[in-house]
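The values are calculated or read from the model by the stated rules, or taken from the named source; none is laboratory data. Here the structure is a predicted model, which is why all the values come from computation and not from measurement. Here the Cβ is made from the backbone with ideal geometry for all residues, glycine too, and neighbour counts use every protein chain on show.
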Amino acid sequence: MTPDKKTTAKAAEHAVEGVILASRWLLVVFYLGLTAALGLYAISFLRKLWEYFSKVMVLEETDAILKILSLIDASLVASLVVMVIISGYENFVSRFDNVNGDDAELSWLGKIDASSLKIKVASTIVAISSIHLLQVFLNSDQYSESKIMWLTIVHMAFVGSALLLALIDRIMTGTKAQTDKD
């Protein structure tokens, strides 16, 4: 290959790499969409909270617990969405700039890498599933035994998946630490 063709090939390679690297900014559309969805979900949460406030004096204890569990469930889902938005943006698009000049304000950002995000997401899904299963058990008379069994099996699958993800992460972290030592 002549030096002229080598230069042209290298320029084409850099152009392709630039386009691929710039494509990460397309993720911003997804994160903004998730932010909008979170805003709509906040409205849903406020509706649930208003229902609870308006009925708190007439609710039986079990019904009050179910309403509170529903609010906790919504809070966990919202936290999950925020985790995905922030860590996804930080890991795949761009680091957050410190607009207020206070380094401590943003010190927690960037500490959730893709691996730990997967474990946090799995843990949150297990927590959400646990709350849902507790709601089912508190209303067990409204569900067939078969449905309760399948919901329990699905929950245990979530638990097993979360444990396996944590185990794999621990193994990978140990392997990486050992490789770094060598």
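Some notes on this structure:
- Residue match in segment 20-37 (condition: of a type in the set (Gly, Ala, Ser), out of contact with any Cys (no Cβ under 9 Å at 6 or more places or on another chain) and more than 23 Å from residue 82 (Cα to Cα)): yes
- Residue 59 meets the conditions (1) assigned to a helix (DSSP H, G or I); (2) surrounded by 12 or more Cβ atoms within 10 Å (Cβ to Cβ); (3) aliphatic (A, V, I, L, M) in every case but one. The failed one is (1).
- Residue within segment 21-32 that is surrounded by fewer than 11 Cβ atoms within 10 Å (Cβ to Cβ) and under 30 Å from residue 76 (Cβ atoms) present: yes
- Enumeration of residues in segment 144-182 that are of a type in the set (S, T, N, Q), at pLDDT below 85 and surrounded by 11 or more Cβ atoms within 10 Å (Cβ to Cβ): 173
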